[in-house]
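Accompanying notes for the structure given below.
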Amino acid sequence: MSTASSGFKLSEWIFTTDHKRIGILYLIGSIAAFSLAGIMALLIRIEQAAPGPTIVSDAYTGGDQYNVWLYFHGAAMILGFLIPGLTGFAANYLLPLMIGAKDVAFPRINALSVWLFWAGIVVALLTFVVPDKPDIMWTGYPPYSITTAGNTALYVFTVHLIGFSSILASVNFLVTIIYMRAPGMGWNQLNMFVWSCFTALIIQLVFVPVLAAAVTLLLFDRYLGTHFFDPANGGDVLLYQNLFWFYSHPAVYVIFLPAMGIFYEIFATMAKNPIFNYKAAVYGGMCFIVLISGEVWVHHLYYSGMPDWLRIGQMVTTLLISIPVGLMTISLFGTLYKGSITFNIPMYYGTAALYLLLIGGLTGIPLAMTVMSVHLGETSFTHAHFHFIMGIFATFSVFAAVDFWFPKISGRMLNPAQGKLGFWLNFIGVNITFWPLFIIGVEGMPRRYWDYSQFPSHFAHYHKVATLGAFIVAIGMVLTISNWIISAIKGEKAPDNPWGSNSLEWTHTATPPGPGNFPKEVTVDADWTPYNYK
Amino acid sequence: MKRAVSALVLTGLGLPAALADAAGAKVAVPDPAASWNHLWHDVLLDLFIIGIIFLAAGLYWVWKYRATRPGQIGTAPKLDKISAIGFAVVPAFLFMADDFYLAAKGWTVWNEYRDVPRNAMEVKVTGSMWSWNFEYDNGVSTTFMVDTKEGDGLVVPVGKPVVLRMTSTDVVHSFFLPDYRVKEDMMPGRVTYLWFNPVKVGETLATCAEFCGNRHSFMWTKVKVVSQADFDTWIAKKKQGA
Ligand code: HEM
Ligand SMILES: [Cu+2]
Ligand SMILES: [Cu+2]
């Protein structure tokens, strides 16, 4: 940042409207959320390492303590880390640079978005301060969320703040992509990451208001005495579940799409190849996902007493998601074909992503089948599935993004040895953590249990192994994050385009880019693409 | 009536079944858990094949196409229009074919799960924070207390399908029978059902699979499958005791 040279001034960061600084503010907030939620994950895993109370006080209050950790872990990972890490940090920092724009369309609204997000994080943190800690899980199903002694309002307000922030950001970026591309830049010349954000943000704009409405009704039922979800007075508990998943399934694409977008960028750059079958991935993959993302939510309600025909109808639509995802996967793998691949920290994560995408994606198929999910749903099989795709694949995409664009953002290089060691610990650790949970999941281990004495004793061995894995991941994460902090301060100076990329953020900006991004107005000609290495 | 119609339409298949039914003879009752296990193996095989193809290609390419000198660029051929369309349409149809294959298989087993055999024994189940209550046809009811583990739990005779009509008095719970590969949520204001086929004598468990607060992890109950004779004795004893 050109501003970095003029010294650090807090007020410059607080009142900034520069998309790059706003991106960094998102990154700091989401990594803070990730770290805290990660500590919760360790507490959860220690508790599960053996049946009976391990670190909770006793069998009677244990549930209350554990449920707060689990609530915070889930809510902070999704709302505080993944969504802001991808459509907050990565989109903010990269979109204007990739399309050759000076900033986003509405820079002040952008500043409002990031501070709403921070406010959301602060409200979420009140979890640890209030006496009636929220314990309703990130899903917040009524009637429990209405009758519990825990604080439901904190959950609702966190969703409101972060949701409002997301809606503003969606409008802002969609307008930016539509109207602020460099002269000459056609839709088929856009970076994959730009397309992935474009499609993700459409989904976000359409569906977040539904979630906001659902939790608002929850608030009314809880504190104002309405009966939307109260069957004793003509309400319906399933209404909430439908509204919630009508948003929250599409939300996984708001995470999945930019995560894929990041790996496309890394693959094309490191393999020095164009994207394999670009149009198939963009139109047959991403755009197709936008079209069907709203028709599959019932797969979260396969055993919730929905009408049988709906459960079967949405089994078919859910399975059909494999078509766009399959096309995107083929493009990702195909980009390596006849490439010339350089292996560095981002590409280590990229290579791992091939495997993570397969495991996470394929284990989703039985869960898409109504009858399979009637046994596997709500077990640790489901838990391992969504960790592979969200907790690992998408999380690795955020880490890979920071590693890949680190030289651009900070002007310095990461310590490669520390980065690679961190990668290996993360990668080995997650496998040790989540494979055992697939196995006992098939045998019936339910999720959201802190005690499981009713099950065969060998479950405890699997849980112990999983806990060991979580600690390996924790060490890997500390190495990874400390590498960013230390290298940002005293890493080796980065050359302008260390990976030899052909994308505008590398070829046309200073490292790091100054205010206004581009020293000269950018125009591109008809055969420019960010992936044209020939 | 429905039977009569189907007997007319499917004379070959329907008629003998209708006759057997009318005569009160035993109809073959499917075993959904066994069908589930069977389907699970088919699905695993399917996933394994797809996974191996992609993983092998990915790993091979990662190894084969590593850069050998700095500044080297990729040599991927440019896709012409026909092959670009081909690489989209052909995989799309392959994926779709696999989707329909899995959907068809899944639907078959699903129908078994939802068609309750007519000779099924009905038990009403109510979930509460935190206990289970089971009510039999003949007025007998038992409760299983989650904290004290007092109560008989669900007791059923072997070889007779059981249909559970379920509801909840407070929050959402879920009746999950891991050994029978089935669960269904129980919630206030609605009645849901599931059925299972207890083919073997023995004791297993049902456990709550929908988050219900403090004692969620402890919310399980015994499920005892006993011989018909033992079941009758148990019912008789319950009737006296009640
Ligand atoms: C390697 C680091 C992680 C570990 C060890 C871990 C561990 C866990 C554990 C033990 C549970 C609770 C399981 C239960 O009680 O049934 C859980 C739940 C969950 N995790 Fe993670 N997790 C990790 C990373 C993540 C990440 C990065 C995400 C972001 C998507 C995430 C999202 C969730 C969600 C949404 C839940 C469900 C919460 C709920 O049931 O309401 N986790 N995790
Ligand atoms: Cu979903
Ligand atoms: Cu429960």
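Values in this text are rule-based calculations from the coordinates and carry no lab data. Because the structure is predicted, anything quoted here is derived from the model rather than measured. Cβ atoms come from the backbone with ideal geometry, glycine included; neighbour counts cover every protein chain shown.
Below, the figures for the structure above:
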read-out	value
Under the Karplus curve 6.51 cos²θ - 1.76 cosθ + 1.60, θ = phi - 60°, whole-Hz ³J(HN,Hα) for the stretch A:308-321, x wherever Gly or Pro sits	4, 5, 6, 5, 7, x, 7, 5, 5, 4, 5, 4, 5, 4
Radius ratio Rg over Rh of chain B, counting only Cα atoms, Kirkwood formula for Rh	1.17
Violating pairs (Cα-Cα greater than 19 angstrom) within the set A:LYS9/A:LYS102; B:LYS149/B:LYS222; A:LYS338/A:LYS408; B:LYS124/B:LYS222	A:LYS9/A:LYS102; A:LYS338/A:LYS408
Whole-number percent relative contact order across chain A, with pairs defined as alpha carbons under 8 Å at least 6 apart	18
Sequence-distant aspartates and glutamates (8 or more away, or on other chains) whose Cα lies within less than 20 Å of B:LYS105	A:ASP308, B:ASP31, B:ASP42, B:ASP46, B:ASP115
Size of electric dipole in the protein assembly as shown: Cβ of Lys, Arg +1 and of Asp, Glu -1, about Cα centre, debye, nearest 20	1500
Tilt relative to chain A, helix A:345-368 - C-alpha long axis, 0 to 90 degrees, to 10	40
The protein assembly as shown: mean projected area of Cα convex hull, nm²	35.4
Positive-end extreme of charge dipole, the protein assembly as shown - chosen from A:ALA213, A:GLY429, A:LEU504 (charges on Cβ)	A:LEU504
Residue among B:ASP179, B:ASP99, B:ASP115 with the largest mean-square fluctuation in a Gaussian network model of chain B, springs linking Cα atoms under 10 Å	B:ASP99
Residue with peak Gaussian network fluctuation, chain B [Cα springs, cutoff 10 Å], from B:ILE49, B:ILE85, B:ILE73	B:ILE73
Local net charge near B:ALA236, Cβ-Cβ under 15 Å (Lys/Arg +1, Asp/Glu -1)	-1
Angle in degrees between helix A:395-410 and the longest Cα principal axis of chain A, rounded to the nearest 10	30
Cross-link partners of A:LYS20 among aspartates and glutamates (Cα-Cα below 14 Å; sequence separation of 8 or more within a chain)	A:GLU12, A:ASP103, A:GLU505
Computed E for B:TYR60/A:THR507 - FRET, C-beta separation, R0 41 angstrom, nearest 0.05	0.80
Separation of alpha-carbon centers, the stretch A:170-216 and the stretch A:415-485, rounded to whole Å	34
Size of charge dipole - the stretch A:270-424 - debye, nearest 20, with Cβ of Lys, Arg +1 and Asp, Glu -1, no other charges	660
Kyte-Doolittle mean at least -0.5, axial Cα span of 15 Å or more - DSSP H helices of chain B	B:11-22, B:32-64, B:81-114
GluC sites (Glu not before Pro) restricted to DSSP loop in the stretch B:139-242 with at most 13 other C-beta within 10 Å	B:GLU150
Point-to-point label distance, A:PHE8-A:ASP58, nm (Cα→Cβ direction, 7 Å offset)	4.8
Farthest toward positive dipole pole in the stretch A:15-507 [+1 Lys/Arg, -1 Asp/Glu at C-beta], among A:PHE256, A:PHE267, A:PRO143	A:PHE267
Between the stretch A:495-531 and the stretch B:187-242, the alpha-carbon center distance in angstrom	67
Pairwise FRET efficiency - A:LYS102 versus A:GLU443, Cβ, R0 = 60 Å, nearest 0.05	0.60
Amide hydrogen neighbours beyond the local backbone of B:LEU205, cut-off 5 Å, H modeled	B:ASP179, B:VAL223
Cβ-placed point charges (K, R +1; D, E -1), dipole of chain B about Cα centre in debye, nearest 20	460
